[in-house]
Amino acid sequence: METNYLYNNINVKNDFVNNKDKVIIAGPCTFSSYEEVYSIAKELKEVGIKYFRAGAYKSRTNPYSFQGLGDDGIEILLKIKKELGLCIVTELLTIEQVKKYGTRIDIIQIGSRNMYNYELLKEVGKINKPVLLKRSFAATYSEWLLAAEYILKEGNHNVILCERGVRGFGSEETRNVLDIQAIPYIKRHSNLPIIVDPSHASGEAYIVESMSKASLVAGADGLIIEVHTNPKESKCDSKQTINIEILKKIIEFKNKMKDWEIN
Ligand code: PEP
Ligand code: MN
């Protein structure tokens, strides 16, 4: 399908589609206070990050795990957007949340667990905001592209696909397996941009740098990475969260790639 990138305040087409300067979305999995998330956002802005990720509504496997700050968390992120001028990328889990906040945040993240939630996909299809559609950990490429089609069909053509790892042999070794082949496959079969989440794919901070570089070389349009100023203090997914120093190395690599004649 021909895409017609409409957007409000951010330029998805310029930033994510065939941009030699690949986008890096960075930030913590979630957060437990304004002070925590503000200090991370501020440091990320200083290293040149424009798109800030942080979860306020968390879809956790264990119902007793921290579920995010919810509405209060979204308000904190909107305050940070205003104070630091960052674009906010955050997950919305329900139709009600999309109605309430969909037009106020910059990129709506649809999580892996919700890729098959067709009513939610239709709802984000009705608004004029970019949607980051994560691949389910067990979805075929066709299922993933058809999920994107639910959004496109409603009129919202600002869909960014995100590969975040598929189920492998179990999480004792790595959390998931990064399906790097998804990048050339999607490039051949769709004209939607595709970014990679090496954090949820590996579940291990030490793997994130090499997989980030590999994804960029394989043609990904960008990355979404979990970063914290003090990963050990992260309320969720601390094991896979990198620090700012490692992020800087990934940014440096990405900047070098601007001059390469590949992809
Ligand atoms: C996340 O990005 O924090 C997240 C929960 O990702 P996924 O939906 O890919 O598991
Ligand atoms: Mn996470």
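Assorted remarks:
- Straight-distance candidates among the lysines for linking to residue 79, with alpha-carbon spacing under 23 Å and chain neighbours fewer than 8 residues away dropped: 42, 45, 50, 58, 99, 100, 129, 235.
- P(r) weight above 18 Å for the range 13-87, C-alpha pairs, percent: 43
- Proximal aspartates and glutamates to residue 213, defined as alpha-carbon separation beneath 13 angstrom and excluding residues fewer than eight positions away on the same chain: 197, 221, 252
- Cα-based Rg of the range 26-65 normalised by 2.2 N^0.38 Å, two decimals: 1.31
- The range 93-230 - percent relative contact order, Cα under 8 Å, separation 6 or more: 18
- Separation of the range 153-170 and the range 77-93, taken as the distance between their Cα centroids, equals 21 angstrom.
- Cysteines in the chain lacking a second Cys C-beta under 4.7 Å: 87, 162
- Per the Cα gyration tensor, the range 23-257 maps to an equivalent ellipsoid with semi-axes of 23, 22, 17 Å, ordered largest to smallest.
- Under-5 Å amide H pairs with residue 27, H placed in peptide plane, nonlocal only: 53, 225, 227
- Stokes-Einstein D (µm²/s) once Rh is taken as the Kirkwood radius of the range 1-152 over alpha-carbon pairs, at 10 °C in 1.306 mPa s: 99
- Where labels lie 7 Å past Cα in the beta-carbon direction, separation of residue 72 and residue 188 in nm: 5.0
- Computed label-point distance, nm, for sites residue 146 and residue 103 using a 7 Å Cα→Cβ extension: 3.2
- The radius of gyration of the Cα set in the range 162-263, together with its Dmax, comes out at 13.8, 41 angstrom.
- The GluC sites (Glu not before Pro) of the range 155-187 that meet both conditions, a loop assignment by DSSP and at most 16 other Cβ atoms within 10 Å of the site Cβ, are 172, 173.
- Relative contact order (%) - criterion: Cα under 8 Å, at least six apart; region: the chain: 20
- Under the convention that each Lys and Arg Cβ holds +1 and each Asp and Glu Cβ holds -1, the size of the dipole of the range 23-257 around its Cα centre is about 440 debye.
- Ascending count of other beta-carbon atoms within 10 Å, so fewest first, for 144, 260: 260, 144
- Extension gain, residue 45 back to residue 154 (0.36 nm per residue minus Cα-Cα distance, nm): 35.8 nm
Just so you know, all these numbers are worked out from the coordinates, no wet-lab data involved. Because the structure is a prediction, the values reported are computed rather than measured. Don't worry about glycine lacking a Cβ; one is built from the backbone with ideal geometry, like all the others, and counts go over all protein chains shown.
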